Amino acid sequence: MEKTVIDLQPFCSKDASRTYLLKPFSRGEFSYATNGHIMVRVPRRSDIGEDSKAPATEKVFDDNVADGFEPAPVIKLPDLTEMITKEECQGCENHIGKGCECEMCQCTCDECDGTGEVESESTVSVGIKGAIYMRKYIAMLLALPDLEFGPIHKTNPLRFRFNGGEALLQPMRGRADDHFEIIPLTSA
């Protein structure tokens, strides 16, 4: 089977204070992307460079070994349409939609794609087999090709693999105000 190449940028942080997590980076045999909650790794890509400030990602994977992967179950996540609001983008501050303040600049803000607004999703948690995760990260996982879950634990990161890589998802410590229990429908 041919390995799928996925876009790692959606798994990166958008928190400007964590500059070392704003873009994918490479270490050893792998290229990584993380925002501190979810971490994805794929075989090393030549287009992704090293970053000495990036976290020690290899150790996180080594400390969270999983056996017994199973195809991801079919999961129907709750619709959040009414929970999503628009807010003024903080990334482009007073120069709405632009990546910088210069008048001649044609660049657009990376956070809002030039619109000046970002969607804000309230924190929604989902429970799966006793563990609690942020809904938005489960949705990101379910979009990956040929997804398989490792064993689910309440406190340990969920290890999963997909066509082209593998990843870890940190569970939440407790439920969000908006919480849904997910009952897998069937195997994929």
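Only the coordinates and a few stated rules stand behind these numbers; no lab work does. Given the structure is predicted, the values throughout are model-derived calculations rather than measurements. Don't worry about glycine lacking a Cβ; one is built from the backbone with ideal geometry, like all the others, and counts go over all protein chains shown.
A few notes on this one:
- Backbone geometry of the range 154-170 corresponds, through the Karplus equation with coefficients 6.51, -1.76 and 1.60 at θ = phi - 60°, to 3J(HN,Hα) couplings of 5, 10, 8, x, 7, 9, 9, 9, 8, 5, x, x, 8, 7, 10, 10, 7 Hz, x marking Gly and Pro.
- Cα-projected label distance for Tyr20 with Leu77, points at 7 Å along beta-carbon direction, nm: 2.9 nm
- Cross-link pairs exceeding 20 Å between alpha carbons, from the set Lys3/Lys53; Lys76/Lys129; Lys3/Lys129; Lys76/Lys136; Lys23/Lys53; Lys14/Lys136: Lys3/Lys53; Lys3/Lys129.
- Each of Ala54 and Thr155 was given a label point 7 Å from its Cα along the Cα-to-Cβ line. The distance between the two points is 3.0 nm.
- Local net charge near Gly28, Cβ-Cβ under 12 Å (Lys/Arg +1, Asp/Glu -1): 0
- Kirkwood analysis of the range 1-42, using all unique Cα-Cα pairs, places the hydrodynamic radius at 10.7 Å.
- Burial order of peptide ranges 136-147, 31-42, 54-65 (average beta-carbon count within 10 Å, highest first): 31-42, 136-147, 54-65
- In nm, spacing of pseudo-spin labels at Arg173 and Phe69 (7 Å Cα→C-beta vector): 3.1 nm
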